[in-house]
Amino acid sequence: MGAPGRRTPAGERGAAPPRLAVWKFASCDGCQLTLLDCEDELLSVAAQVEIAYFLEASSAPGPGPYDLSLVEGSITTPDDLERIRHVRRVSERLVTIGACATAGGIQALRDFADVREFLSVVYAQPGYIATLDRSTPISAHVPVDFELRGCPIDRRQLLEVVSAFLAGRRPVVPPNSVCVECKARGNACVMVAHGTPCLGPVTQAGCGALCPAFNRGCYGCFGPMESPNARALNRQLRELGMSTPELVRVYRTFNATEEPFRQAAEDADPGLLERDTAPGEERGGRR
């Protein structure tokens with residue numbers, strides 16, 4: 001596993017720059033593209049580190065070990081399991097980026113159904129497909145030093161995380177809700193102003209209140225905030241006219257298996273708990 005001690009800041013390493021690796025598992029590549037979209041800022045980062053492994057940007061990967069690994073994507077196959085253990089072994093620090101890596105992503109909706117049934121419908125020869133029953137976050141399998149949420153992640157937060165680890169300090173990523181960002185932007189509350197359902201009160205900040213700024217409700221891309229009161233929000237959303245199936249759907253998107261969102265969906269429809277239990281599993285879809 002990665003070394004547990006505090007890493008030496010980049011400025012104290014002399015001629016050898018820290019080595020950065022970026023890894024992909026089951027995902028859409030959107031969080032890796034966020035790093036590439038940093039453009040000018042990426043040039044500053046590249047001047048301080050050696051980007052040793054980043055297949056999205058280079059076809060010439062360098063061998064480990066690495067000072068910092070950024071990991072995108074969830075674990076969905078037996079091969080993924082072996083590969084993430086290798087990544088952890090060769091990485092001093094490991095940071096997961098995006099909803100797939102931190103919560104299982106959209107593909108974790110398989111956790112509430114029978115993946116074998118999906119295989120039989122989608123593939124002509126399902127016996128050739130090697131897959132796991134569940135899509136799980138990286139932290140379910142190896143120790144993780146920091147989780148950066150979002151679908152996709154925010155580039156300002158990504159730069160803060162990379163800069164923090166280069167300096168040997170803890171990243172500063174506020175745990176408050178999207179509502180705080182709405183206030184900072186001067187947005188009118190979409191629920192109060194025109195009755196638009198919104199997950200902002202229970203969702204972690206990071207996007208800059210992008211959707212509410214365009215009079216759309218928050219979709220929960222960054223997952224649950226530190227202390228969400230989803231039951232109170234469910235009552236408000238019902239008052240705005242949302243049905244039980246609609247309530248379940250708003251929580252079952254990017255971060256469906258995060259405990260606060262999973263529980264919020266079950267509170268909205270208690271029958272989910274029984275319907276989600278596949279043969280051989282405990283109640284609630286947990287083995």
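The values are calculated or read from the model by the stated rules, or taken from the named source; none is laboratory data. Computed from a predicted structure; not experimentally measured. Cβ atoms come from the backbone with ideal geometry, glycine included; neighbour counts cover every protein chain shown. Keep in mind that these areas ignore ligands, DNA and RNA; they rest on the heavy atoms of the full protein, side chains included. Shrake-Rupley method; radii C 1.70, N 1.55, O 1.52, S 1.80 Å.
Note on the chain: with charges restricted to the Cβ of Lys and Arg (+1) and Asp and Glu (-1), its dipole about the Cα centre is near 440 debye. Taken about its Cα centre, the stretch 152-221 carries a charge dipole of about 100 debye when Lys and Arg each add +1 at the Cβ and Asp and Glu each add -1 at the Cβ. Once the other residues with Cβ under 13 Å from the Cβ of Gly220 are scored (Lys, Arg +1; Asp, Glu -1), what is the net sum? Taking every Cβ under 13 Å from that of Gly220, the sum is +4.
Share of carbon and sulfur in the accessible area of the chain stands at 55%, probe radius 1.4 Å.
Computed over protein heavy atoms with a 1.4 Å probe, the accessible surface of the chain works out to 49 Å² per residue.
Annotation note: trypsin sites (Lys or Arg not before Pro) in the stretch 9-88 located in DSSP loop regions with a Cβ neighbour count of at most 14 within 10 Å are Arg13. Extension gain, Ile129 to Ala16, is 36.4 nm, computed as 0.36 nm per intervening residue step minus the present C-alpha separation. Of Thr34, Pro197, Pro174, which is farthest along the charge dipole of the chain in the positive direction, counting Lys and Arg as +1 and Asp and Glu as -1 at C-beta? The one lying farthest along the dipole's positive direction is Pro174.
Applying a DSSP loop filter and a limit of 10 other Cβ atoms within 10 Å to the GluC sites (Glu not before Pro) in the stretch 56-156 leaves nothing. Among the GluC sites (Glu not before Pro) within the stretch 239-268, not one is in coil by DSSP while having at most 16 neighbouring Cβ atoms inside 10 Å. A cut-off under 11 angstrom between Cβ atoms defines the neighbours of Phe118, and their net charge, with Lys, Arg +1 and Asp, Glu -1, is -1. Hey, can you grab everything whose amide H is under 5 Å from the amide H of Arg93? Only 5+ residues off in sequence or another chain; H modelled, so Pro and N-termini drop out. It is Leu68, Ser69, by chain and number. For the chain, excluding the exposed loop sites themselves (chymotrypsin sites (Phe, Trp or Tyr not before Pro), DSSP loop, at most 16 other Cβ atoms within 10 Å), the longest remaining stretch covers 1-122. For the stretch 109-265, a crude dipole built from +1 on the beta carbon of Lys and Arg and -1 on the beta carbon of Asp and Glu, taken about the Cα centre, is about 340 debye to the nearest 20. Pairs of Cα atoms nearer than 8 Å and 6+ residues apart set the relative contact order; for the chain it is 17 percent.
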